[in-house]
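The values are calculated or read from the model by the stated rules, or taken from the named source; none is laboratory data. Note that this is a predicted model, so its numbers are computed, not measured. Because the Cβ atoms are built from the backbone with ideal geometry, glycine has one as well, and the counts that use them run over all protein chains shown.
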Amino acid sequence: MIPFNKPYMTGRELSHIAQAHANGHLSGDGPYTKQCHKWLRENTRASAALLTHSCTAALEMSALLLDLQPGDEVILPSYTFVSTANAFALRGAVPVFVDIREDTLNIDERLVESAITPRTKAICVVHYAGVACEMDLILDIAARHGLKVVEDAAQGIMSTYKGKPLGTIGDLGTLSFHETKNIIAGEAGALLCRDNDFAERAEIIREKGTNRSRFFRGQVDKYTWVDIGSSYLPGEITAAFLAAQMEAAGEITRRRLDIWNRYHAWAERYEDRSIVRRPIIPEACEHNAHMYYLLLPDQQARARFIAGMREAGVQTVFHYVPLHSAPEGLRIGHAHGTMTVTDSHSERLVRLPLWVGLEDQVDVVMNAADEVLAGL
Ligand SMILES: *Cc1c(COP(=O)(O)O)cnc(C)c1O
């Protein structure tokens, strides 16, 4: 069976972990965490970058930094992973769902302004498949209404919008290093702060609401409880693993793009015959080949495609179950306008295997798909 995902190891993870072991510093914010922070600052140009346990944790930190109160509203797409909504819901905020664009499956920026009410505090965009949202328009809307912008850039490391790394365009950005993402550490993430205004408080929230980081830098002579917070920092073993991945980020992205481009060239013939729709990358976006998906004509065709591929020994998957119609979304969320594109695309989308090391088997996947698509 060709799996849908297979974590790629660069070969240097274990020696870094051995070094962390030898360093004898296993809790957070040791030398490897500092190395990862430096890599993130250099590669994203964010003012501040903080490793977290997960992108979910970084989103929760964002909700704390925005001081969300029960009843506040956050505008976000329904077509996303649950954490995008949960982070705000945990503060009692209401997720207000807006439909997505037909081309990129990102939040439809033209629908955002009409979803704003006096209770709206923030817009949380998701850069689906590592392809950027229309950030200029979203930042403009946010500025005119005094709203903060959070970028869920879980899938967006090494991607850019008009040359700017994703996660550094809005006020706050979150990255994921979950093993299904491009750069991995099992479970890990990062919070990026574009400017310095959030950076100091982010450090405190991440360290249980204490000014411990300032204490370690010698800026205060004791550390104490100064704000609400939690424990959001990973240990050094995780950071050591991640450091190895970061060192290879350029190579990983290039190899993923090669596979993506092969799929894209192959799928053109089916798009020409209206059997599939391929991903669309707007001109302003440079993407990281996080995902290769196809949109099939309908849900039945997708079910037959996934079953046929499985019989041929290739695992393909779909996502997301839209949040506006999920039980918790119905209970606490609010859909602004129709969710036509969200509903239609989420029923028709299928993802092909894409991982570093798949190179030798891409032809096997495409040949299997040729057979299955011919019989649809
Ligand atoms: C993967 C993902 C997350 C969650 O990332 P974790 O690091 O597993 O918490 C959140 N949002 C989106 C869009 C994702 O793809």
Enumerated helices (runs of 4 or more DSSP H) restricted to the stretch 276-376, each holding at least 3 residues that are touching a residue at least 60 places away in the same chain (Cβ under 8 Å) and touching a Cys at 6+ places or on another chain (Cβ under 8 Å): none
task: All but one of (1) of a type in the set (G, A, S); (2) touching a strand residue (DSSP E or B) at 6+ places or on another chain (Cβ under 7 Å); (3) crowded, with 23+ Cβ neighbours inside 10 Å hold for A63, so report the exception by its number.
output: (2)
task: Could you run through the stretch 1-41 and say how many residues are of a type in the set (A, V, I, L, M, F, W, C), in contact (Cβ under 8 Å) with a residue 12 or more places away in the chain and out of contact with any helix residue (DSSP H, G or I) (no Cβ under 9 Å at 6 or more places or on another chain)?
output: 1
query: Do we have any residue at all in the stretch 39-51 that's outside the structural domain of I306 (by TED's automatic domain parsing), over 30 Å from E236 (Cβ atoms) and of a type in the set (S, T, N, Q)?
result: no
- prompt: How many of the residues making up the stretch 175-215 are more than 22 Å from S27 (Cα to Cα) and in a strand (DSSP E or B)?
  reply: 1
query: With respect to L51, is the statement that it is more than 23 Å from Y320 (Cα to Cα) and not in a strand (DSSP E or B) true?
result: no
message: Please go through the stretch 97-131 and give me each residue that is in contact with a His (Cβ under 8 Å, 6 or more places away or on another chain) and within 16 Å of the ligand (Cβ to nearest atom), ordered by number.
response: F97, V98, I100, L105, N106, A129, G130, V131
query: Which of the following residues is within 17 Å of L191 (Cβ to Cβ), modelled with pLDDT of 95 or more, within 13 Å of the ligand (Cβ to nearest atom) and surrounded by 19 or more Cβ atoms within 10 Å (Cβ to Cβ): S83, S78?
result: S83
- prompt: Can you tell me how many residues in the stretch 180-198 are closer than 23 Å to L66 by Cβ and either within 16 Å of the ligand (Cβ to nearest atom) or buried (at least 18 other Cβ atoms within 10 Å of the Cβ) (or both)?
  reply: 8
